[in-house]
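So the structure is just underneath, and the comments pick up after that.
The numbers here are math on the coordinates, done by the rules we state, and not lab data. Source: prediction; values computed, not measured. As a convention, Cβ positions derive from the backbone with ideal geometry for all residues, glycine included, and neighbour counts pool all protein chains shown.
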Amino acid sequence: MSVGNIIVGQSGGPTSVINASLAGVFKTALDRGSNKIYGMLNGISGLLNNRYVDLTDKIKNNLDVELLKRTPSSFLGSCRFKLPEISADEKTYENIISILKKLEISHFFYIGGNDSMDTIKKLSEYAKIKNIDINFMGVPKTIDNDLAVTDHTPGFGSAAKYIGTTVKEVIRDGLVYDTKNVTVIEIMGRNAGWLTSAAALAKGDDCEGVDMIYLPEVAFDLDKFIEKSVQIQKEKNNFVIAVSEGIKTADGTYVCELSNSDRFTDSFGHKALSGTASFLADKLAAELGCKTRSVEFSTLQRCGSHIASQTDITEAFLAGGQAVKAAFDGETGKVVIFDRISNDPYLMTTRVADVNDIANVEKVVPAEWITNEGTYVSDELVNYMLPLIQGELPPYMVNGLPKHITVNDIK
Ligand code: F6P
């Protein structure tokens with residue numbers, strides 16, 4: 001199949017390196033003779049409203065490509081938009097295909113996590129049913145690291161590096177007083193504890209680390225949490241705990257819902273999760289009778305590109321490039337994934353996997369990597385993460401601040 005025009009979109013929660021994948025798609029498509037390169041604005045939701053840009057107008061030279069690699073969040077904007085089932089609403093698919101045909105698109109790339117891969121799954125399925133000559137390819141990303149099949153996802157390494165770094169800094173601050181004091185840190189990751197595990201990276205020769213790590217993979221018991229905190233405070237005045245935003249009690253209630261059950265739910269059925277640390281810090285203040293503080297890393301952990309991992313940026317760029325190569329070679333309905341050949345030295349390779357094995361599937365932390373009755377993580381998990389956080393690619397600093405590249409058409 002010949003290469004015509006291509007289109008690329010970004011979807012789901014942003015990361016520090018999702019634009020490096022966009023740069024990988026852009027640069028590789030350009031180098032391999034693609035005609036026009038379009039970018040969807042706000043993903044598939046924007047495309048449905050005919051919102052796209054000609055990317056060659058926005059990324060003009062190699063300096064722009066380098067800036068893009070160093071610019072956090074989704075350059076093209078994002079969406080959380082679930083396509084309907086094909087049988088329920090063919091019209092939506094007809095609309096998308098007619099826009100793609102108008103733009104003479106031969107290859108379609110979507111950079112996203114397991115929800116976003118649902119879009120690649122459905123569009124490639126529809127194209128197959130209707131015999132439409134467009135290739136649909138997924139490029140992985142998510143700080144949650146919860147994509148099935150792949151060893152890890154671009155975005156995770158940089159968020160983990162941010163967490164390891166910032167947890168160290170919070171610990172330095174949290175242990176200064178000679179009076180009792182507890183800090184509870186809340187980390188993203190939804191129903192998977194990979195990112196919260198990165199709090200363990202803080203521990204080393206120069207840092208005592210956090211005392212407890214709570215992951216969503218283990219049912220949360222408030223009484224046991226308080227009991228353990230009381231025990232720890234008998235030995236030291238000050239300590240720090242890391243909790244995942246997605247921890248749940250045995251009956252499936254998110255801990256953040258215990259204080260406020262009125263939660264926004266997106267089109268994939270995901271509840272907005274935040275407030276876990278502040279709920280637990282308040283509980284501990286009441287039970288321990290001391291000062292407590294909650295720190296919610298929130299969006300900071302996924303846009304801290306000033307401390308992004310070079311390994312992660314390189315791999316994110318590579319994932320974009322490999323998606324283009326595979327699609328131009330005729331693959332469709334696939335996602336680029338990483339296989340780890342060895343950990344030390346770190347050797348990794350890529351291949352493509354069937355989108356049906358990845359879309360809508362959540363990969364969680366294996367039970368054998370969770371220790372101390374569900375309150376810490378194993379050295380194996382730390383060793384798994386370490387190669388992914390190596391190296392730095394510092395921002396270009398202008399007037400003392402990082403320089404970013406932006407599209408001005410995002411709504
Ligand atoms: O999926 C990535 C992620 O950052 C999760 O860790 C988090 O729960 C979610 O996105 C937040 O989504 P939003 O930015 O749409 O609120």
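In terms of distances greater than 18 angstrom between alpha carbons, the cross-link table entries K122/K325; K60/K101; K69/K363; K180/K291; K228/K283; K168/K363 yield K122/K325; K60/K101; K69/K363; K168/K363.
Put in line by how crowded their Cβ is, counting other Cβ atoms within 10 Å and starting with the fewest, E90, E235 read E235, E90.
Of the three principal axes defined by the Cα atoms of the chain, the extents in descending order read 70, 47, 40 Å. Working from Cα pairs under 8 Å separated by at least six residues, relative contact order for the chain is 24 percent.
Can you tell me the orientation of helix 90-102 relative to the chain, as the angle in degrees between its alpha-carbon axis and the longest Cα principal axis, to the nearest 10? With rounding to tens, the tilt is 60 degrees.
Among T92, T196, which comes first, second and so on when ranked by fewest other beta-carbon atoms within 10 Å? Numbers along the way, then the final one.
Values: T92 16, T196 30.
With the sparsest Cβ surroundings first, the list reads T92, T196.
Reported to the nearest whole Å, the Cα centre-to-centre distance from segment 62-113 to segment 325-369 is 20. The fraction of Cα-Cα pairs per 5 angstrom bin, counted from 0 for segment 305-411, comes to 2, 9, 12, 14, 17, 17, 14, 8, 5, 1 percent, rounded to whole percents. Taking amide H positions as modeled 1.01 Å from N, with prolines and chain starts lacking one, the residues under 5 Å from F220 and 5 or more places away or on another chain are K248, T249, A250.
Distance between the pseudo-spin-label points of T165 and A88 (7 Å out from Cα toward the beta carbon): 4.2 nm. The P(r) of segment 89-227 has a tail past 24 Å containing 51 percent of all C-alpha pairs. Considering only E217, E94, E331, the mean-square fluctuation computed in a Gaussian network model of the chain, springs between alpha carbons under 10 angstrom, is largest for E94. Ranked by the mean number of other Cβ atoms within 10 Å per residue, highest first, peptides 366-377, 168-179, 35-46 order as 35-46, 366-377, 168-179. Here the average projected area of the convex hull drawn through the C-alpha atoms of segment 156-303 stands at 8.9 nm².
Helix 117-130 and the longest principal axis of the C-alpha atoms of the chain enclose an angle of approximately 20°. Axis of helix 18-31 versus longest Cα principal axis of the chain: the two differ by about 20°, to the nearest ten degrees.
So what is the 222 nm mean residue ellipticity for the chain from helices alone, if each DSSP H run of at least 4 adds -39500 (n - 2.57) and you divide by all residues, rounding to the nearest 500 deg cm²/dmol?
One gets -10000 deg cm²/dmol as the mean residue ellipticity at 222 nm.
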